[in-house]
Amino acid sequence: MSDEEDCDCLVVIVDVNPVWWGQRSKSSHQITLTECIENVLVFVNSHLMMKHTNQIAIIASHTHESRFLYPRRNSESTDATDEIRSADGKYELFALVDNTVMEEFKKLMTESHTGSVHTDTLLSGSLAMALCYINKLDKKSKVGVKRRSRILVIKASDDSASQYMNFMNVIFTAQKQNVLIDACVLGNDSGLLQQACDISHGIYLKIPQIKGLVQYLLWVFLPAASLRDTLVLPPAIQVDYRAACFCHRTLVDVGYVCSVCLSIFCQFSPICSTCHTAFKFMGPPSMKSKKKKSSLPAS
Ligand SMILES: [Zn+2]
Ligand SMILES: [Zn+2]
């Protein structure tokens, strides 16, 4: 049957920013990071249960690195299933996923980190890793197998405007590869993810109650993308399409754009700091004094 050859690949990116989770865990309305990971495990196991050809990967997005929690590095997800002998009659793949994710997660969180301290989550890097992983699976898949891939981002911490460029590159790559990006936002609204979901036709949802995370995951993000037209999903949101200026990384409504490289600036500068183009601009006649001309850099 041709239907047997269909394969839904889901990559879940979890924001494990310890600063954000550390601030939240004290409140009773919140869940801890470990509970969040457990909710994600319920969700990915449900995805695997939908069809035996379904595939999953989980990436933890930390402040200093992005790491695969599943599949383990240097191991193939399909070969490793033989290692697990389930004692309690649990489906072997579930046991393998649960154990691997929990082990890798503990390893990541307990490792001591020397060097510079960042507080931003490296989300654009994690998205790039997810796209590379999907691309690798696509290249290895047999002829005739219909693969559909999507990425779900579970985002906690705030956006960092310094990642704006990388983020935009990742979003347009996803669009080109036909990869959906869904976002489940736990903290403040994310302008970058709103744009990502809008461009790649994914769902953006800022969940009102973090305690109900697993329910939102199962109701909204579990059904395959092909079924979404038949479901009543949360309405599309108003997307914040402001861009970040390249000089200060702040979001601007109106700015200056370099006509050569399309870099965005909040203030006028005679030389583009990205491509070093010197602009020969024609001011009003009164401005054409010798002093003004001499201040222009020679090109
Ligand atoms: Zn600026
Ligand atoms: Zn330029």
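The values are calculated or read from the model by the stated rules, or taken from the named source; none is laboratory data. A quick note: this is a predicted structure, and the numbers were derived from the prediction, not measured. Here the Cβ positions follow ideal geometry from the backbone for every residue, glycine too, while neighbour counts run over all protein chains shown.
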Yes or no: the stretch 139-146 includes at least one residue that is closer than 25 Å to VAL220 by Cβ, in a strand (DSSP E or B), touching a residue at least 24 places away in the same chain (Cβ under 8 Å) and in the same structural domain as VAL16 (by TED's automatic domain parsing).
yes
From the list PRO235, PRO270, PRO223, which one is more than 22 Å from THR121 (Cβ to Cβ) and either touching a Pro at 6+ places or on another chain (Cβ under 6 Å) or within 16 Å of ligand 2 (Cβ to nearest atom) (or both)?
PRO270
Just to check your reading of the model, which residue among ILE237, ILE171, ILE199, ILE134 is surrounded by fewer than 21 Cβ atoms within 10 Å (Cβ to Cβ) and part of a helix (DSSP H, G or I)?
ILE199
Kindly indicate which of GLN209, GLN195 is modelled with pLDDT under 90 and under 25 Å from HIS29 (Cβ atoms).
GLN209
Regarding the stretch 281-290, can at least one residue be identified that is among the polar types (S, T, N, Q), modelled with pLDDT of 80 or more, outside the structural domain of ASP120 (by TED's automatic domain parsing) and more than 14 Å from ligand 2 (Cβ to nearest atom)?
no
Positions within the stretch 247-261 being away from ligand 1 (no atom under 11 Å from the Cβ), of a type in the set (A, V, I, L, M) and surrounded by 12 or more Cβ atoms within 10 Å (Cβ to Cβ), in sequence order
VAL257, VAL260
Condition set touching a residue at least 60 places away in the same chain (Cβ under 8 Å) and either farther than 18 Å from ASP15 by Cβ or not assigned by TED's automatic domain parsing to the domain that holds VAL185 (or both), scope the stretch 210-238, selection farthest from the chain's Cα centre (by Cα): answer is SER226
Can you tell which of ALA225, ALA244 is away from ligand 1 (no atom under 16 Å from the Cβ), at pLDDT below 90, surrounded by 14 or more Cβ atoms within 10 Å (Cβ to Cβ) and small (Gly, Ala, Ser)?
ALA225
